[in-house]
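**Student:** Input: one structure, supplied below.
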Amino acid sequence: MGVIVSQSIKNTIVTYIGFFIGGVNVLFLFTNFLSDAYFGLIQYLFSTAAIMMPLMAFGVHNTMVKFYSSYKTRQSQNSFLTLMLILPMFVALPIGLIGYACFETISHWLTIKNSIIQDYIWVIYITAILLAYFEVFYAWSKVHMQSVFGNFMKEIFYRLCTTLLLFALYFNLISVEQLIYALVIVHFVRMLIMALYAFSLRFPVMCFSRLLNIKSILTYSVLIILAGSIANIILEIDKFMIGLYIEIENVAYYAVAIYIASVIGVPSRAMHQITNPLTAKFLNDHNKLELKLLYQKSSLTLLIISGLIFLLIVLNINELYHLIPEKYQGGITVVLLIGLAKLFDNLLGNNNAILFNSDYYQVVMALGVGLVIITILLNTLFIPKFGTIGAAYATFISVITYNAAKLFFVKVRFKIVPFTADTFKVGVVIVLFFCVFYFWDFSFHSILNIIIKSTVISILYLALIYQFKLSSDISNILNRYFGLLKK
């Protein structure tokens, strides 16, 4: 358990550092060093590759984690790992051949609105394979109880390399075309380093002996392709569809707004590492009382933390947009809509963990498929009519509908809800702070204004939460922190 807690803490720190570097890249370097068309092109290419990744991986990165520990002999483990290494190629190669044979049709479809994509379509396919095999080797290290290095490569390495390449572009050491090729090379180098690290933990021995549960492995892989595709489509489909229907520079404007709003979701990612195994334990032990308490505590804690982040973002959004080029400022509405969707995500606490660790996993996938269909239909309807704000409307409606369905399903099947009286009180605090501070600014430089306003809001917000004892977990953290200061 000590190893799990230690690596969870390290992974959380790595995630936040990566998010900070990514924020610098997206908000300041891309927006100032590239034209909006090429910024949009890069976002489009790599978002589309991310959508394809689960299919290219054939679900292997999840299948490996689930089944590896079930093999006890050296030979069966070698056979299983051999299968995991070659299985993605059974999908990637046929897709490549189909893409080559139908290149003209695919190229015409993707470039109807933006011809700039034409010369870089191959980047999508190659990057999708590199992303897939990176995840395979990352899973290889996970099953050997080593996840921190892989998380560093995933969250920090690529973003740090991107920073260096953007400065190389700024100082005219490379062209923008070379930047795109270099980003593909970075994906390759990252995958190669991850492979070397994974093989240092256990070197592969090619073995093709028959596995007894091969049918279960393949069935699970196919189901996980669907689940992984749903998650990636939800995250990336709006950027892809913006590139299909309107000018590609709009992908850049949208990407900036989305990145700002996505900060609200970071606490949920960090807490998931802790709540997921606890949720599984309570479900396996049929401990409904502890499950309900965890559901409500995780919801309340995440609402308080993400509520503060939401306030800091939306109450400083005008000043923040003063720091980046003016043409990106139309994204304020996008930030608000996606921010509210992320806030609702956090309000559900460990809802996903309850569903994915229960016997209703396939129901969740069915809901996810419904969400993808709704998202695509709404994007098709809204983007041509409203532009990037239309994509935000589509995502907002889809996420709210999907979360409401999951909330209702857990209530019906498990007879529990995440809300308490304190949930309502925290909601009132968030609305109150929004109304009081939205139109209040200092007449200083934007950076100084953000710092002062954020400090005031944070102190008052946490003081209210502490004074009215809205969360025992938050109060304990504050007591511990102030206790250390007194010492």
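The values are calculated or read from the model by the stated rules, or taken from the named source; none is laboratory data. Owing to the predicted nature of the structure, the values given are computational and were not obtained by experimental measurement. In this analysis, Cβ positions are derived from the backbone assuming ideal geometry, glycine residues included, and neighbour counts consider all displayed protein chains. Heads up: the accessible areas ignore ligands, DNA and RNA and are worked out on the full protein's heavy atoms, side chains in. Shrake-Rupley method; radii C 1.70, N 1.55, O 1.52, S 1.80 Å.
**Student:** Return the only residue of LEU293, LEU235, LEU308 being open to solvent by less than 40 Å² (accessible area, probe 1.4 Å) and either at pLDDT 90 or above or out of contact with any Phe, Trp or Tyr (no Cβ under 6 Å at 6 or more places or on another chain) (or both). Show your work before the answer.
**Tutor:** Working: LEU293 fails: open to solvent by less than 40 Å² (accessible area, probe 1.4 Å); LEU235 fails: open to solvent by less than 40 Å² (accessible area, probe 1.4 Å).
Checking each option against the conditions leaves just LEU308.
**Student:** If you don't mind, another one. Mind counting the residues in the stretch 281-290 that are in a helix (DSSP H, G or I) and either surrounded by fewer than 21 Cβ atoms within 10 Å (Cβ to Cβ) or in contact with a Gly (Cβ under 6 Å, 6 or more places away or on another chain) (or both)?
**Tutor:** Narrowing the stretch 281-290 to residues in a helix (DSSP H, G or I): 281-284, 288-290.
Subset that is either surrounded by fewer than 21 Cβ atoms within 10 Å (Cβ to Cβ) or in contact with a Gly (Cβ under 6 Å, 6 or more places away or on another chain) (or both): 281, 283-284, 288-290.
The number of residues fulfilling the criteria is 6.
**Student:** Please pick out the residue among ASN479, ASN403, ASN449 that is of a type in the set (S, T, N, Q) and within 25 Å of the chain's Cα centre (by Cα). I'd like the intermediate steps shown before the answer.
**Tutor:** Details: ASN479 fails: within 25 Å of the chain's Cα centre (by Cα); ASN449 fails: within 25 Å of the chain's Cα centre (by Cα).
When all the criteria are applied, what remains is ASN403.
**Student:** Any idea how many residues of the stretch 405-430 are without any contact (Cβ under 8 Å) to a residue 40 or more places away in the chain, farther than 30 Å from ASP359 by Cβ and either open to solvent by less than 90 Å² (accessible area, probe 1.4 Å) or in contact with a His (Cβ under 8 Å, 6 or more places away or on another chain) (or both)?
**Tutor:** 2
**Student:** Could you figure out which of (1) touching a residue at least 60 places away in the same chain (Cβ under 8 Å); (2) on the phi > 0 side of the Ramachandran plot isn't true of VAL266?
**Tutor:** (2)
**Student:** I'm checking my understanding of the structure. Among residues of the stretch 117-169 that are among the hydrophobic types (A, V, I, L, M, F, W, C) and not in a helix (DSSP H, G or I), which one is surrounded by the most Cβ atoms within 10 Å (Cβ to Cβ)? Give the steps one after another, and end with the answer.
**Tutor:** Initial filter on the stretch 117-169 (among the hydrophobic types (A, V, I, L, M, F, W, C)): 117, 121-124, 126, 128-132, 134, 136-137, 139-140, 143, 145, 148-149, 152-153, 156-157, 160-161, 164-169.
Next, from what is left, pick out any that are not in a helix (DSSP H, G or I): 143, 145.
Numbers: VAL143: 21, MET145: 10.
Per the criteria, the residue is VAL143.
**Student:** Tell me, which residue of the stretch 242-259 that is part of a helix (DSSP H, G or I) and open to solvent by less than 10 Å² (accessible area, probe 1.4 Å) is modelled with the lowest pLDDT?
**Tutor:** At the first step, the residues of the stretch 242-259 found to be part of a helix (DSSP H, G or I) are 242-245, 249-259.
After this cut, where a residue has to be open to solvent by less than 10 Å² (accessible area, probe 1.4 Å) as well, the list is 242-243, 251-252, 254-257.
Values: ILE242: 88, GLY243: 85, VAL251: 88, ALA252: 88, TYR254: 89, ALA255: 88, VAL256: 88, ALA257: 88.
Checked the stretch 242-259; the qualifying residue modelled with the lowest pLDDT is GLY243.
**Student:** Restricted to the stretch 321-335, and to residues that are in contact (Cβ under 8 Å) with a residue 24 or more places away in the chain and surrounded by fewer than 19 Cβ atoms within 10 Å (Cβ to Cβ), which residue is nearest to VAL412 (Cα to Cα)? Explain how you work it out, then say what you get.
**Tutor:** Residues of the stretch 321-335 that are in contact (Cβ under 8 Å) with a residue 24 or more places away in the chain, as a first pass: 322-325, 327-328, 330-335.
From what is left, the residues that are surrounded by fewer than 19 Cβ atoms within 10 Å (Cβ to Cβ) are 322-325, 327, 330, 332-333.
Details: HIS322: 47, LEU323: 47, ILE324: 47, PRO325: 49, LYS327: 47, GLY330: 41, ILE332: 37, THR333: 35 Å.
Across the stretch 321-335, the extreme among qualifying residues is THR333.
**Student:** Select from the stretch 183-209 the residues that are open to solvent by less than 20 Å² (accessible area, probe 1.4 Å), within 14 Å of PHE157 (Cα to Cα) and out of contact with any Ser or Thr (no Cβ under 8 Å at 6 or more places or on another chain) and list them in ascending order.
**Tutor:** ARG190 - this is the single residue of the stretch 183-209 that is open to solvent by less than 20 Å² (accessible area, probe 1.4 Å), within 14 Å of PHE157 (Cα to Cα) and out of contact with any Ser or Thr (no Cβ under 8 Å at 6 or more places or on another chain).
**Student:** Follow-up. For the stretch 77-114, how many residues meet the condition of being open to solvent by less than 30 Å² (accessible area, probe 1.4 Å) and of a type in the set (Ser, Thr, Tyr)?
**Tutor:** Residues in the stretch 77-114 being open to solvent by less than 30 Å² (accessible area, probe 1.4 Å) and of a type in the set (Ser, Thr, Tyr): 4 in total.
**Student:** Within the stretch 455-478, which residues are hydrophobic (A, V, I, L, M, F, W, C) and either closer than 12 Å to LYS425 by Cβ or open to solvent by 70 Å² or more (accessible area, probe 1.4 Å) (or both)? Steps first, answer last, please.
**Tutor:** Step one: of the stretch 455-478, the residues hydrophobic (A, V, I, L, M, F, W, C) are 456-457, 459-460, 462-465, 468, 470, 474, 477-478.
If the condition is that a residue be hydrophobic (A, V, I, L, M, F, W, C) and either closer than 12 Å to LYS425 by Cβ or open to solvent by 70 Å² or more (accessible area, probe 1.4 Å) (or both), then ILE459, LEU460, LEU464, ILE465, PHE468, LEU470, ILE477 are the ones that fit.
**Student:** Going by the conditions given, is ILE477 in a helix (DSSP H, G or I), out of contact with any Asp or Glu (no Cβ under 6 Å at 6 or more places or on another chain) and closer than 21 Å to ASN350 by Cβ?
**Tutor:** yes
**Student:** Of all residues in the stretch 350-371, which are under 17 Å from THR401 (Cα atoms) and open to solvent by 20 Å² or more (accessible area, probe 1.4 Å)?
**Tutor:** Residues of the stretch 350-371 under 17 Å from THR401 (Cα atoms): 351-352, 355, 363-371.
The answer is ASN352, VAL363, ALA366, LEU367, VAL369, GLY370.
**Student:** Across the stretch 381-400, what is the number of residues that are of a type in the set (Val, Ile, Thr) and open to solvent by 60 Å² or more (accessible area, probe 1.4 Å)?
**Tutor:** Residues of the stretch 381-400 of a type in the set (Val, Ile, Thr): 383, 388-389, 395, 397, 399-400.
In the following step, the residues that additionally are open to solvent by 60 Å² or more (accessible area, probe 1.4 Å) were identified as 397.
Counting residues in the stretch 381-400 that are of a type in the set (Val, Ile, Thr) and open to solvent by 60 Å² or more (accessible area, probe 1.4 Å) gives 1.
**Student:** Output the number of residues of the stretch 170-182 satisfying the condition of being of a type in the set (S, T, N, Q), on the phi < 0 side of the Ramachandran plot and open to solvent by 80 Å² or more (accessible area, probe 1.4 Å).
**Tutor:** So the first thing to find is which residues in the stretch 170-182 are of a type in the set (S, T, N, Q), and the list is 172, 175, 178.
After this cut, where a residue has to be on the phi < 0 side of the Ramachandran plot as well, the list is 175, 178.
If we keep only those that are open to solvent by 80 Å² or more (accessible area, probe 1.4 Å) as well, we get 178.
Qualifying residue count, the stretch 170-182: 1.
**Student:** If you don't mind, there's one more thing I want to ask. Out of the residues in the stretch 342-386 that are part of a loop (DSSP other than H, G, I, E, B) and modelled with pLDDT under 90, state the one that is farthest from the chain's Cα centre (by Cα). Break it down into steps so the answer makes sense when it comes.
**Tutor:** Within the stretch 342-386, the first condition is being part of a loop (DSSP other than H, G, I, E, B), and the residues that meet it are 348-350, 357-360.
After this cut, where a residue has to be modelled with pLDDT under 90 as well, the list is 349-350, 357-360.
Details: GLY349: 16, ASN350: 16, ASN357: 20, SER358: 23, ASP359: 25, TYR360: 23 Å.
Residue satisfying both the conditions and the ranking: ASP359.
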